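The next block holds one structure in the form of structure tokens; read it before the comments.
The numbers here are math on the coordinates, done by the rules we state, and not lab data. Values in this document were obtained by computation on a predicted structure and should not be read as measured data.
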Amino acid sequence: MPEWWTYSTEDFLLFSPRTYWRLIERHNEALWPAHVLMILLGAAILLWLVRPRPWTHRAIAGILSVLWAWLAWSFLWERYATIHWAASYVAPLFALQAVLLALIGSRLRWSFSWVGRAPLGLALFLYALAVHPLAALLAGRPLRGAEVFGITPDPTAIATIGLVMMTEGRWSWLLLAVPLAWCLAGWATLHGMGVGEQWALLGAVLLALVPVPRRRTA
């Protein structure tokens with residue numbers, strides 16, 4: 001029997017890369033044209049960050065809450081669980097994230113500024129919204145296998161991390177636990193498949209942990 005240190009991440013994969021990307025394609029085909037709505041929602045969130053209104057903080061938190069609950073059911077429970085037994089146990093964590101966003105997120109101030117970690121957060125959000133879906137083409141996969149914000153977990157987790165990095169308010173750090181955990185798990189999975197998108201997930205985790213002094217308030 002091989003020693004435990006001789007194993008690699010590839011040895012723990014329960015499916016082939018072909019199976020995983022085919023699952024993404026089927027998920028996209030089933031939900032199209034919801035992708036257009038998600039892109040519009042992402043653009044609306046970006047506008048509200050730059051030009052916040054009294055109600056936009058609750059709107060952003062509410063949208064993210066609905067998306068995490070939606071992903072818990074539509075992707076993890078209905079699809080990913082068919083090829084990975086752990087997905088059914090992760091789905092409740094996504095539901096928990098939805099609850100935290102509804103309870104805590106609505107009390108935070110979601111807006112963009114040029115101080116602290118906000119610029120890094122904006123970069124992550126823009127990447128998740130506009131660049132990550134194109135990774136499929138760069139990797140030689142068809143566009144129907146693209147991972148889109150609000151449709152699949154990876155870009156949604158990255159976008160959420162970026163948005164939380166732009167927030168102001170107590171307990172905002174609680175909103176990072178589930179997205180960071182998913183990014184680490186996703187990095188391990190994609191690393192086992194030798195996929196370049198793995199570095200985006202790991203990069204999101206590292207950027208979220210960058211210690212940048214908070215702005216001083218009068």
**Prompt:** Percent relative contact order of the range 73-218, based on C-alpha pairs within less than 8 angstrom and at least six residues apart?
**Reply:** 25
**Prompt:** So how many Å³ per residue does the convex hull of the Cα atoms of the range 122-215 work out to?
**Reply:** 89
**Under 5 Å, built H, 5+ apart or other chain: amide partners of residue 15** = none
**Prompt:** Quick one: Cα centre-to-centre distance for the range 98-115 and the range 76-97, in angstrom?
**Reply:** 25
**Asked** Among 106, 74, 16, whose mean-square fluctuation peaks in a Gaussian network model of the chain (Cα, cutoff 10 Å)?
**Response** 16
**Prompt:** So what J values fall out for the range 79-93 if you push phi through Karplus, 6.51 cos²θ - 1.76 cosθ + 1.60 with θ = phi - 60°, rounded to Hz, Gly and Pro as x?
**Reply:** 10, 4, 5, 6, 10, 9, 4, 6, 4, 5, 8, 7, 3, x, 5
**Message:** Bin width 5 Å, origin at 0, all Cα-Cα pairs of the range 33-208: what percent of pairs per bin?
**Reply:** 1, 9, 18, 23, 23, 15, 7, 3, 1
**Complete:** Listed residues 141, 18, 53; largest mean-square fluctuation, Gaussian network over the chain with Cα springs below 10 Å, found at 18
**Asked** By what distance, in whole Å, do the Cα atoms of the range 134-179 stretch along each of the three principal axes, largest value first?
**Response** 43, 15, 13
**Prompt:** Ordered by residue, what ³J(HN,Hα) values in Hz, to whole numbers, does the range 133-147 give under the Karplus form 6.51 cos²θ - 1.76 cosθ + 1.60, where θ = phi - 60° and Gly and Pro are x?
**Reply:** x, 7, 4, 4, 5, 5, 8, x, 9, x, 5, 5, x, 5, 9
